[in-house]
Structure formats: C-alpha cells, structure tokens
1. Examine the stretch 109-126 for a residue that is acidic (Asp, Glu) and in a helix (DSSP H, G or I), and state whether such a residue exists.
2. Could you tell me whether Thr26 is among the polar types (S, T, N, Q) and over 22 Å from Ile324 (Cβ atoms)?
3. Of the conditions (1) among the acidic types (Asp, Glu); (2) buried (at least 17 other Cβ atoms within 10 Å of the Cβ); (3) at pLDDT 95 or above, Asp76 clears all except one; give me its number.
4. Report yes if some residue within the stretch 196-208 is buried (at least 16 other Cβ atoms within 10 Å of the Cβ), more than 26 Å from Glu98 (Cβ to Cβ) and in contact with a Ser or Thr (Cβ under 9 Å, 6 or more places away or on another chain); otherwise report no.
5. I'm checking my understanding of the structure. Among residues of the stretch 13-45 that are touching a strand residue (DSSP E or B) at 6+ places or on another chain (Cβ under 8 Å) and part of a helix (DSSP H, G or I), which one is modelled with the highest pLDDT?
6. So, in the stretch 201-220, how many residues would count as being in a loop (DSSP other than H, G, I, E, B), under 19 Å from His150 (Cβ atoms) and among the aliphatic types (A, V, I, L, M)?
7. If Tyr96 satisfies all but one of (1) farther than 19 Å from Val332 by Cβ; (2) of a type in the set (Phe, Trp, Tyr); (3) buried (at least 20 other Cβ atoms within 10 Å of the Cβ), what's the number of the condition it fails?
8. Could you go through the stretch 49-64 and let me know if any residue there is of a type in the set (S, T, N, Q) and surrounded by fewer than 19 Cβ atoms within 10 Å (Cβ to Cβ).
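The values are calculated or read from the model by the stated rules, or taken from the named source; none is laboratory data. Only a predicted model underlies this, so the values are computations on that prediction, with no experimental measurement involved. Ideal geometry is used to build each Cβ from the backbone, glycine not excepted, and the neighbour counts take in all protein chains shown.
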Amino acid sequence: MKTYFFNVESWEKDYLGNLADLDDVTLVHEPLTEDNASDYSDAEIISVFLGSRISPGVFDALPKLKHIATRSTGFDHIDIDKAKEKGVVVSNVPFYGENTVAEMAFALILMVSRKLYPSYLRSKDMKFNHDELMGFDLKGKTLGIVGMGHIGQYSAKYGNGFGMRVLASDPNQDPALAKKFGFEYADSLEDMLSQSDVITIHAPYNEHTHHLINMENVKKIKKGAILVNTARGGLVETEALIWALDNGILRGAGLDVLEGEPEMKEEWEKITESYDKEQLKTIIMNHALIERDDVIVTPHNAFNTREAIDRILETTQSNIRNFIDGNPENVVS
C-alpha cells in the first residue's frame, strides 16, 4: 500500500527505515494540509503528527485513503466524523509518555513556583540578589489534577513524592485507583479548583472538554494558585487565563500548549488572510501571554524525549503493519 509519513524530522528517517519491508513508503518533512494534499492523492495509508490538520478537504483530496496512523495519543487534529464517513480507520499511540509528560508538568511547576527562569536570567547578567525571586514550597500544598488517566496517575505519584496532598477531578471515579496512587477525588471540578495550590491539566481535548477552564470557573480558583497545562491549549480559555493572572487569582502559569497553537505556527500574512476575528484575537492574546513575566511558555515539548519518541515510532509501525495484515489495533475510529 502506498504509505506517506508526514512531519518527519531528519533524525527520524533512519529509524523509519525499518519500514522498508512495506511496499511503498515515502517520508515527507512537511505537514499534510489542504494546500498540499492533492500532491499525495495516491496515498492509501498516512502517518501524521500534530502539525498536520486532517480536515474534510484533506480527506476529499485523498480518495484512496484507508488508514491514518497518528503518531500521538490525541487525535483532535483529525476530523473523526469525516473519517467514519469515508470508512477510514484511524489509529493512535495510546501509551508512550505517561511519565514523560508528567515529568514535564513538574518541570513547569518548579519553574513557576521557584521562579527559576528569572533567577537564571539574573545570574546570566551577573546579578546575584534575591529581590522578587521568593518562591513557595510544594510540600504541604494541594496538587489538583484534572484528568486521572495514565499521565494524571504519574502526576499523582510525583505529587506524593513532593509531600503534597493530591486532589483529582475526573468524571469517572475509581476508589481503588485513588487508593493505589494516593489521591482523593474532589466533589466537582470547581471544588478541586477552590482547594488547589497547583493545578495541572491532563485531560483529553474534545467538544465536551473545550474551555474546561473558563471565565466562569476560573473565578473559583484558590487565590495565589498556579496553573500548568501540558495537554491541549483548547482546554483553557485564553481570555479567562489572562483575566485570572491580571486579577491576582493565579500567581503564574506554565504552558506547554496554547489555544490556537496550529495557527501560531503560520506566517502572519497568511494568518490575517485565513483566520476569523476570534482566531486572531486568541493569537494576539497568546503573544501577550508569552511576554508576561509570570508565565512560562514552552513549544509543545512535553512528549519530546528519546525514550518516548522511540515508543511512538515503534507503536506507529506496529499499527500500520497490523492494519495491512487485517488486524488493526489502537483504533479510535
């Protein structure tokens, strides 16, 4: 089957050479978009990463497409309804970086709670005073976790290691899981927000979780808390986040993801031509967030360790081979 891998970095090419036993594989550096999809109209299988937006227009440009193997756990960059309509099987990588992403979340927690970035910059300038660099202990504080999947469970373990009380919000409550990982369930998301000194988000993004943190419930957050998001930008309403920071409800934030992140990667000229007022508003607010001294922003890098990437590539190859053999696995659609 004609197979294309998109968003392929140069160092990945040697690893993906293991697919040489398949009939016809092409590795492509660029993402797959509506603008270039017609160049790959012979594709029967595609493997994509988050930079590729698989919209209805992309499906229409790929009439032979049978399988999408996304190299990620999340699949919100793929129009699942269109995939079902077209009979295209979509598979993901359900487990690859549970500890990896949780470690990044705690890196951001420490950067914000201990003001590590301004401390670093001050030392680079050969200034060694402590003015305005006072942080706070994690020990004895409450860690609020939104979403108790595998990443959330690792975050609970790390929170326990720091001597924190761990409070969770999840629509599916499992008392045995809470006992195993040493956390308790809050009565509601708002209850968790009101008690937590540190909030870390590990929920999937979909139509039900869009703006899970929003202008209404952000007002419930415990004054002086910090918020960390290593999941998806759309889980947090950007305007609400800025409002909470401006009004001293949040003392800081650590963000590995931003709402409207794909648009942020486009050239400004294309943005102004292609996106509506709300998208442009979000992009402008994102720039404002990046410039703030009380916010740490990283480039969606929480997944990016050698070990996690190896697991992603291994599972993706397995997904493709099993689909060709007629035994698809890790199917989300």
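1. no
2. On the way: among the polar types (S, T, N, Q): yes; over 22 Å from Ile324 (Cβ atoms): no.
No.
3. Unmet condition: (3).
4. Kept after step one, since they are buried (at least 16 other Cβ atoms within 10 Å of the Cβ), are these residues of the stretch 196-208: 196-203, 205.
Subset that is more than 26 Å from Glu98 (Cβ to Cβ): none.
No, because not a single residue in the stretch 196-208 is buried (at least 16 other Cβ atoms within 10 Å of the Cβ), more than 26 Å from Glu98 (Cβ to Cβ) and in contact with a Ser or Thr (Cβ under 9 Å, 6 or more places away or on another chain).
5. In the first step, residues of the stretch 13-45 are kept if they are touching a strand residue (DSSP E or B) at 6+ places or on another chain (Cβ under 8 Å); the result is 13, 16, 19, 22-28, 31-32, 40, 42-45.
Narrowing the set further to residues that are part of a helix (DSSP H, G or I) leaves 13, 16, 19, 40.
Values: Lys13: 73, Leu16: 72, Leu19: 66, Tyr40: 98.
Within the stretch 13-45, the match that is modelled with the highest pLDDT is Tyr40.
6. Of the residues in the stretch 201-220, the ones in a loop (DSSP other than H, G, I, E, B) are 202-212, 214-216.
Those still in the list that are under 19 Å from His150 (Cβ atoms) too: 202-206, 209, 212.
Add one more test, that the residue is among the aliphatic types (A, V, I, L, M), and what stays is 203, 212.
Residues flagged as in a loop (DSSP other than H, G, I, E, B), under 19 Å from His150 (Cβ atoms) and among the aliphatic types (A, V, I, L, M) within the stretch 201-220 amount to 2.
7. (1)
8. Taking the stretch 49-64 as the starting set, the residues that turn out to be of a type in the set (S, T, N, Q) are 52, 55.
Remaining after also requiring surrounded by fewer than 19 Cβ atoms within 10 Å (Cβ to Cβ): 55.
Checking the stretch 49-64: at least one residue is of a type in the set (S, T, N, Q) and surrounded by fewer than 19 Cβ atoms within 10 Å (Cβ to Cβ).
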